[in-house]
1. Across segment 210-224, which residue is farthest from E129 (Cα to Cα) among those that are at pLDDT 85 or above and either touching a strand residue (DSSP E or B) at 6+ places or on another chain (Cβ under 7 Å) or exposed (fewer than 14 other Cβ atoms within 10 Å of the Cβ) (or both)?
2. Has segment 61-70 got any residue that is of a type in the set (S, T, N, Q), closer than 17 Å to S152 by Cβ and out of contact with any Pro (no Cβ under 9 Å at 6 or more places or on another chain)?
3. Filter segment 32-49 for residues that are under 13 Å from E60 (Cβ atoms) and within 21 Å of the chain's Cα centre (by Cα) and give the result.
4. From G84, G71, which residue is touching a Leu at 6+ places or on another chain (Cβ under 6 Å), within 17 Å of V7 (Cβ to Cβ), surrounded by 17 or more Cβ atoms within 10 Å (Cβ to Cβ) and modelled with pLDDT of 90 or more?
5. Looking only at segment 94-110, filter to residues that are closer than 26 Å to N206 by Cα and surrounded by fewer than 17 Cβ atoms within 10 Å (Cβ to Cβ); which one of those is modelled with the lowest pLDDT?
6. Restricting to segment 146-158, count the residues that are without any contact (Cβ under 8 Å) to a residue 60 or more places away in the chain, aliphatic (A, V, I, L, M) and out of contact with any helix residue (DSSP H, G or I) (no Cβ under 6 Å at 6 or more places or on another chain).
7. Which residues, taken from segment 201-235, are part of a helix (DSSP H, G or I) and either small (G, A, S) or touching an Asp or Glu at 6+ places or on another chain (Cβ under 6 Å) (or both)?
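The values are calculated or read from the model by the stated rules, or taken from the named source; none is laboratory data. Treat the numbers as computed from the prediction; the structure is a model and nothing was measured. Cβ placement follows ideal geometry from the backbone for every residue including glycine, while neighbour counts extend to all protein chains displayed.
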Amino acid sequence: MKPLPCVIVLCRPEESRNIGSVCRAMKNMGCVQLRIVGEKKDFDETQVKTLAVHAPEIWEGAEFFPPSVEGLKQALADCSIAAGTTRRMGQKRKSWGMTPEQFASFAASHENGLAAAVFGNERTGLTDEELECCTLALNIPSSPDFPSLNLSHAVQVVAYSLFRAFETRGRGYQPISLDRLNALSENLSGHLSHIGLYRHSGKEENERLLTGILSRAALSEGEAAHLEALFQRIAYIKTGSDQDR
């Protein structure tokens, strides 16, 4: 079976055994790309492989990144979609979240891009800053009496949804990468700033809104370039009309 075009990203995991269980869950569902925002030396390889059972190659092929927000950005740089798992929503987080099924369907409809599912620390989850690195939030429905899932169980739920969605996928186009998305958002926001939209306040909030909308649109490179040209033209016309007054 061809591996799924998806990566599982673990942010600052603590338990070696949890990583091993994640490896097993991933292999069950055809996910083979594991990225860990953390130092490899901090984990007990024997414990990892014991819990991984027949999936040691997932651990052996894992990529490691510095345990920081910048490290997470590096881990997601080549991804078109990055879904951060969280139970908490709010003004400084994401305003809404997809279910695993919605995320999987969204990822499968644009299969030529790389999709990432991002999971936080076992005890504290993703920080606000880590979630901000993701293009959307992912909420796993669970009982309000005991909503927290074990890390490997959460990975299993999301990986299963991805596996099912890609089983029935159709050919899609390649959406822009997260690096390109961030550059696009900065470009468009720069034009809005140039015409005075952020003269008093609201720049950070509107930039966050713009990035969220663009990420869910899963734009092609051609569409991104067209948007940039459109915003550039709007800024030019607005600046010119102001000078004529």
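1. G222
2. No, there is no match, as no residue in segment 61-70 is of a type in the set (S, T, N, Q), closer than 17 Å to S152 by Cβ and out of contact with any Pro (no Cβ under 9 Å at 6 or more places or on another chain).
3. Of everything in segment 32-49, those that are under 13 Å from E60 (Cβ atoms) and within 21 Å of the chain's Cα centre (by Cα) turn out to be V32, Q33, L34, I36.
4. G84
5. Among residues in segment 94-110 that are closer than 26 Å to N206 by Cα and surrounded by fewer than 17 Cβ atoms within 10 Å (Cβ to Cβ), the one modelled with the lowest pLDDT is S95.
6. Going through segment 146-158 one residue at a time, the tally reaches 1.
7. G212, S215, A217, G222, A224, A225, A229, A235
Rundown of residues vs (1) within 27 Å of I234 (Cβ to Cβ); (2) within 14 Å of the chain's Cα centre (by Cα); (3) touching a residue at least 12 places away in the same chain (Cβ under 8 Å); (4) part of a helix (DSSP H, G or I), yes/no style:
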residue: P144; (1), (2), (3), (4): no, no, no, no
residue: Y160; (1), (2), (3), (4): no, no, yes, yes
residue: L184; (1), (2), (3), (4): yes, no, yes, yes
residue: S189; (1), (2), (3), (4): yes, no, yes, yes
residue: Y198; (1), (2), (3), (4): yes, no, no, no
